[in-house]
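The values are calculated or read from the model by the stated rules, or taken from the named source; none is laboratory data. Bear in mind the structure is a predicted one, so any value in this text is a computation, not a measurement. With ideal geometry, Cβ positions are generated from the backbone for all residues, glycine too; neighbour counts draw on all protein chains shown. We work out accessible area using only protein heavy atoms, side chains counted, and drop any ligands, DNA or RNA first. Shrake-Rupley method; radii C 1.70, N 1.55, O 1.52, S 1.80 Å.
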Amino acid sequence: MNKTTKSAPEKTGKRSSRRLKYGSAAIAFTAVFIALVVLVNLIFTRLDDKYHFSIDLTSTDIYEIGDTTRSLLADLDEPVTINFMLPRDQLIESSNNNAVVLCAENYEREFDNVSIVYHDIVKDPNEFENLNYYIDLGYTIETTTIIVESAESYKYFNVASCFVTAESDKSLYGFKGEARLTSAILTVTSGSSPVATFTTNHGEGSSPELEEMLDYAGFEVKKIDLSKEDIDPDTEILVINNPQKDFSGLYTSEEGQKTEIDKVVAYLDSHKDIMLFVNAGTPRLPELEDLLNEWGVGIRHDSLISDTEQSTTNDIHELIANYAGESYGSAVHKSVSEIDNPLKTVVYYATPLENLITEEGSRKVDPVLTTFDTAYITDENGEKQSGVYNLMLLSSKSDYVEGDYLYSHFLVCGTTQFCNTEYIGESAYGNSGIIYSAFQLMGNRNEAVDIDWKRLDDNKLTVEADTAKKFAYVFAGGLPLIVIVIGFVVWMRRRHS
């Protein structure tokens, strides 16, 4: 009997048919998978364009908003617009701009009354209809400008002001975008911005750091020549910083003339506040010091305080201040002295302040900062006089008006360098906290100054040039070559299977 066998062509045909069947299925599956990936990517791209998905993976959650902001803005319903001057896709190309954008978008998500508008002042300056209005006000509008607006008010600042900069090398190491945006929103929804006014024409020293802090706290900063102008009635804080010439007053003006001291007295009588900064080199100013003496504060001239124990390691004149005990003045330092790890406050090149009265009628003087008992001054005979000296005093006056107490404050600081960048820029020091607390007490304001800045992550990967080339060769050439070889081996095996 003959055995029948299958012909070779039939086997070959079935194998070819099976390979064609599986190969077609693999190609179809691959095509469908690629199509799905592309489709999902398109969908999420469109959704991201609209909702801007992001996850804050930084260790300090620098883009997130905290409970303080939520509490401050909880009851606000007035529409607020955050205006950026470039389209979003162009802004986020810069890491600094991107940080502010991501932070702002959290406000838009969290609060129904906050919205963001991206303009393009490079391509179409007229698209931002208020652009010329701000230019006419004297503002320089740049691609990094941010303007927060309500129907009645606005706040202008720059991306750079949302960061903390190291004085030594100007590098960025902190992010304060949350406090910047929260303060701006509070300012534009408060009805009107309070004013902080700096006196001029007495040789006063400039203090851009203090001006920036006032702006950061929601104040509009102005300057005034009291010999020619009256004090703006919206001024809440009058700043006299390191005057070198006296103010006109009783001894230096003609009879019947309204003097500079007259204007300052009238300002204080309207329940407003003054900050005065002097130092060991401040000359005698009889008119201004007479007014200061009436408020119970004296300046001890030509005396520089030293301390070899309670000072920084580099300079015996860079004093570590002692926080005064429980009193009305302690309200200024509680934010830095009554925390788990109290911050050190540094006072440099200081002159002693004298407390001429403790309390007299409706007026009282309280210490805010003093030296430790290891401090000393050197008298004209070269002898050391050790003791506790006042570094910052708060004189206050209360009036009972229509069932309520109204206050005036005269804060005097024995150094003109209290707000130097090296002291207010470092989170290890309490200088900035004290100044912001003074703003709150004197301006009677509940602003965003309690929101701490957040340290930026340092996640940079430093790679040598040769190593970088090796990485480039591996990822740009090596990995694709491995995939090609594996694919070729699989193809050959299937072909001969």
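For the pair LYS334 and THR165 in one chain, pulling the backbone fully straight at 0.36 nm per residue adds 58.3 nm over the alpha carbon distance.
Given a Förster distance of 56 angstrom, what is the FRET efficiency for ASP290 paired with ASP75, based on the Cβ-Cβ distance and rounded to 0.05? That gives a FRET efficiency of 0.75. Please state, rounded to one decimal and in Å, the Kirkwood hydrodynamic radius that region 284-374 gives when every pair of distinct Cα atoms enters the mean of 1/r. For region 284-374, the Kirkwood estimate is 14.6 Å. Close amide H partners of SER207, meaning residues 5 or more places away or on another chain with modelled amide H under 5 Å apart, do not exist here. For the set ASP290, ASP232, ASP77, ASP366, solvent exposure ranked by accessible area (probe 1.4 Å, protein chains only) runs largest to smallest as ASP77, ASP290, ASP232, ASP366. Scanning residues 5 or more positions from LYS223 or on other chains, those with amide H under 5 Å from its amide H are PHE198, with H placed 1.01 Å from N in the peptide plane.
Phi angles across region 311-320 convert, under the Karplus curve 6.51 cos²θ - 1.76 cosθ + 1.60 with θ = phi - 60°, into 3J(HN,Hα) values of 8, 6, 6, 9, 8, 6, 9, 9, 7, 8 Hz, Gly and Pro given as x. Taking the average, over residues, of other Cβ atoms within 10 Å as the packing measure, peptides 196-204, 396-404 rank 196-204, 396-404 from highest down. Taking each residue as 0.36 nm, the span from ASP373 to ASP124 lengthens on full extension beyond its C-alpha to C-alpha distance by 83.2 nm. Suppose R0 equals 22 Å; then what is the FRET efficiency for ILE135 and LYS222 from their Cβ-Cβ distance, rounded to the nearest 0.05? My answer for the efficiency is 0.65. Karplus-derived 3J(HN,Hα) values for region 160-165, using 6.51 cos²θ - 1.76 cosθ + 1.60 with θ = phi - 60°, are 4, 6, 8, 10, 9, 10 Hz; glycine and proline are entered as x. In this structure, the amide hydrogen of ILE274, modeled 1.01 Å from its nitrogen in the peptide plane, lies closer than 5 angstrom to those of LEU238, HIS409, PHE410, LEU411, counting only residues at least 5 positions away or on a different chain.
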